[in-house]
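Here's a structure for you.
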Amino acid sequence: MTKKWLLALAIFGASVAGAKSFDITMPFPTIVGNVQLAPGEYQLKVESSRAVFTDQKTNKSVEANVTLENSSRKYNYTAVETKRVGGKDRINTIELGGTTTKLEFN
């Protein structure tokens with residue numbers, strides 16, 4: 001089963017300024033890479049072939065390897081696609097709103 005969140009509820013907004021960071025909210029526990037993210041607010045930064053999720057409450061960071069894909073069009077909104085694996089939701093892709101960038105998680 002695949003889920004795609006329209007992040008009007010899950011993402012408060014994308015900020016493309018500077019270091020290409022995005023403020024996101026994970027509404028429920030979600031696995032990225034080999035780590036489970038607790039529900040909450042995160043800052044997402046893309047650094048080369050890594051996505052860095054920083055918990056805005058604890059300031060702890062989690063990194064995951066990603067493959068960057070460029071689309072021929074800009075994404076209107078940020079969207080996260082997850083897949084349920086072993087009873088847990090795992091992030092497959094994130095389309096970054098206001099950019100042509102799609103992150104594919106390994």
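The values are calculated or read from the model by the stated rules, or taken from the named source; none is laboratory data. Keep in mind the model is a prediction, meaning the values are calculated, not measured. Because the Cβ atoms are built from the backbone with ideal geometry, glycine has one as well, and the counts that use them run over all protein chains shown.
Among what's in the stretch 30-54 and is among the polar types (S, T, N, Q) and without any contact (Cβ under 8 Å) to a residue 40 or more places away in the chain, pick the residue that is nearest to residue 67 (Cα to Cα).
Among them, the one singled out is 49.
Ok, one more. Take residue 46 and decide whether it is among the hydrophobic types (A, V, I, L, M, F, W, C) and within 12 Å of the chain's Cα centre (by Cα).
Judged against the criteria, residue 46 is a match.
Output the number of residues of the stretch 73-106 satisfying the condition of being small (Gly, Ala, Ser) and touching a Ser or Thr at 6+ places or on another chain (Cβ under 7 Å).
1
Give 59, 76 a once-over and let me know the one that is at positive phi, over 11 Å from the mean Cα position of the chain (by Cα) and not in a strand (DSSP E or B).
59
Looking only at the stretch 72-83, which residues are over 15 Å from residue 27 (Cβ atoms) and surrounded by 12 or more Cβ atoms within 10 Å (Cβ to Cβ)?
Within the stretch 72-83, 74, 75, 77, 83 qualify.
In the set 24, 11, which member is β-branched (Val, Ile, Thr), at pLDDT below 95 and in a loop (DSSP other than H, G, I, E, B)?
11
Follow-up. For residue 67, indicate whether it is loosely packed, with under 14 Cβ neighbours inside 10 Å, under 14 Å from the mean Cα position of the chain (by Cα) and in a strand (DSSP E or B).
Spelling it out, residue 67 is indeed loosely packed, with under 14 Cβ neighbours inside 10 Å, under 14 Å from the mean Cα position of the chain (by Cα) and in a strand (DSSP E or B).
Of all residues in the stretch 27-37 being in a loop (DSSP other than H, G, I, E, B) and farther than 11 Å from residue 53 by Cβ, which is modelled with the highest pLDDT?
Residue satisfying both the conditions and the ranking: 29.
Here's a follow-up. Taking the criterion of being within 14 Å of the chain's Cα centre (by Cα), surrounded by fewer than 16 Cβ atoms within 10 Å (Cβ to Cβ) and part of a loop (DSSP other than H, G, I, E, B), would at least one residue in the stretch 84-96 satisfy it?
No.
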